[in-house]
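Working notes, structure below.
The values are calculated or read from the model by the stated rules, or taken from the named source; none is laboratory data. This structure is a prediction, so every number in the text was calculated from the model and none was measured. Every residue, glycine as well, gets a Cβ built from its backbone with ideal geometry; the counts of neighbours run over all protein chains shown.
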Ligand code: ADP
């Protein structure tokens, strides 16, 4: 049917709050006997009609390393988005909570999980646009999945959407995104390099004491994030490759996945 993405209000049971984000509150819930995360979309935060169109595209994306969108409840007010529930919350908090206790195997596994989800998005010609540890979630069995793909396009807050503005994720953005908003899978690859840096720094904020303007300035002179103390040489090489100035000099996710998988076999 044309309303396959529509979730009936009566099938959805809402529970307690588990977080809040750009679009509003996130609640725990139950839908068809499974635990779900329900994002309540604050009216003034999202371009509704555009999103409903896009939800149809997003619902065709299926991968075990992506947080699944089950559907949209437009009968709810505010409109809500229903996602697979991820018991262990966002990756950045998860890393910080386990500081000093993460093995090499676990850290590499996290990078591998994200590269798998991203290789699938790349092969589906879908650009994430806001890849970072805060936009990945961790399941009960400690698997990492990519979340919030493509969602920044529906944010109505001006502070978030232009690289000149305070909430724009400059520290995760490729130079061509900062300069001319040129998003691509290769700009996602740059962000993935920063995500690997976050993993091997156990959830530290990149360029901690620098303003966005200072970060842009140092990127322009070719300076990059420093090698994390815990990262093996082979993984650091991959990070640096993700941060090549020219998008075409960066690896694809398919290649990154292949490289990370061969490292985890060792
Ligand atoms: P937004 O994208 O609107 O900014 P987030 O995706 O960051 O919101 O969600 C805010 C918080 O809600 C997350 O940090 C996490 O703790 C919780 N959350 C979001 N999605 C899920 C989910 N699928 N399962 C469990 N918790 C979630």
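The set of residues from segment 133-150 being more than 11 Å from the ligand (Cβ to nearest atom) and modelled with pLDDT of 95 or more comprises 143, 144, 146.
Given 218, 264, which one is exposed (fewer than 15 other Cβ atoms within 10 Å of the Cβ) and in contact with a helix residue (DSSP H, G or I) (Cβ under 6 Å, 6 or more places away or on another chain)?
On the way: 218 fails: in contact with a helix residue (DSSP H, G or I) (Cβ under 6 Å, 6 or more places away or on another chain).
None of the others qualify; the one that does is 264.
Name the residues in segment 123-136 that are under 23 Å from residue 170 (Cα atoms) and in a helix (DSSP H, G or I), would you? Those that are under 23 Å from residue 170 (Cα atoms) and in a helix (DSSP H, G or I): 133, 134, 135.
Any residue at all in segment 93-100 that's touching a residue at least 40 places away in the same chain (Cβ under 8 Å) and touching a strand residue (DSSP E or B) at 6+ places or on another chain (Cβ under 8 Å)? Yes, that holds for at least one residue. The set of residues in segment 35-60 being out of contact with any helix residue (DSSP H, G or I) (no Cβ under 7 Å at 6 or more places or on another chain) and in a loop (DSSP other than H, G, I, E, B) consists of 41, 42, 59, 60. Take the residues in segment 76-91 that are assigned to a strand (DSSP E or B) and under 18 Å from residue 141 (Cβ atoms); name whichever of them is farthest from the ligand (Cβ to nearest atom). For segment 76-91, the residue satisfying everything is 84. One residue stands out among those in segment 43-67 that are within 14 Å of the ligand (Cβ to nearest atom) and under 15 Å from the mean Cα position of the chain (by Cα): the one that is surrounded by the most Cβ atoms within 10 Å (Cβ to Cβ), which is 66.
Within the set 120, 94, 70, the sole residue that is more than 13 Å from the chain's Cα centre (by Cα), part of a helix (DSSP H, G or I) and within 12 Å of the ligand (Cβ to nearest atom) turns out to be 94.
Name the residue that is surrounded by the most Cβ atoms within 10 Å (Cβ to Cβ), counting only residues in segment 28-40 that are more than 17 Å from the chain's Cα centre (by Cα) and in contact (Cβ under 8 Å) with a residue 24 or more places away in the chain. Walk me through how you get there before you give the answer.
First pass over segment 28-40, keeping only residues more than 17 Å from the chain's Cα centre (by Cα): 28-36, 38, 40.
Those left that are additionally in contact (Cβ under 8 Å) with a residue 24 or more places away in the chain: 28-29, 31, 34-36, 38, 40.
Working: 28: 16, 29: 21, 31: 20, 34: 10, 35: 14, 36: 24, 38: 26, 40: 19.
The selected residue is 38.
Take the conditions surrounded by fewer than 14 Cβ atoms within 10 Å (Cβ to Cβ), within 10 Å of the ligand (Cβ to nearest atom) and modelled with pLDDT of 90 or more and apply them to residue 15. Does it pass? No, not satisfied.
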